[in-house]
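Engineer: A single structure is presented below for examination.
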Amino acid sequence: MPFSDDDLESFYREIEARTAFHELMHTRPARRPERRIEAAQCPTPDKLPFSSPADALDGIDRIKRRALGTLSLRYYECTCGAWHITSSAPLTYRPAPPTPRRRKGKKKR
């Protein structure tokens with residue numbers, strides 16, 4: 001049984017509505033909030049800077065959701081004032097090595 005003109009018209013309207021919705025949802029790029037900050041001479045410019053510890057924790061959560069296995073990540077405050085993510089263990093206090101003692105004896109002139 002062929003379609004009537006009214007059935008065909010409603011079918012085309014439905015297709016056009018779906019196409020318009022699909023274009024609307026996929027033409028706008030999904031934007032994340034901008035987390036970059038202007039930092040003064042960062043010693044690790046290849047690392048992504050975060051403006052606060054909370055932003056760095058969000059970054060850690062995103063990384064862990066995509067990672068396979070367990071990761072040990074932490075954040076730290078850089079000398080540039082930004083916060084970075086690292087997988088290295090936290091640094092502990094290490095006393096400076098003792099200064100070398102001078103040998104007793106004749107002085108060289």
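Engineer: Return the total of residues in the range 37-75 being outside any loop (DSSP other than H, G, I, E, B) and either modelled with pLDDT under 85 or of a type in the set (D, E, K, R) (or both).
Structural biologist: Selection size over the range 37-75: 8.
Engineer: Are any residues in the range 50-82 crowded, with 16+ Cβ neighbours inside 10 Å and touching a residue at least 40 places away in the same chain (Cβ under 8 Å), and if so, which ones?
Structural biologist: Cys80, Ala82
The values are calculated or read from the model by the stated rules, or taken from the named source; none is laboratory data. A quick note: this is a predicted structure, and the numbers were derived from the prediction, not measured. As a convention, Cβ positions derive from the backbone with ideal geometry for all residues, glycine included, and neighbour counts pool all protein chains shown.
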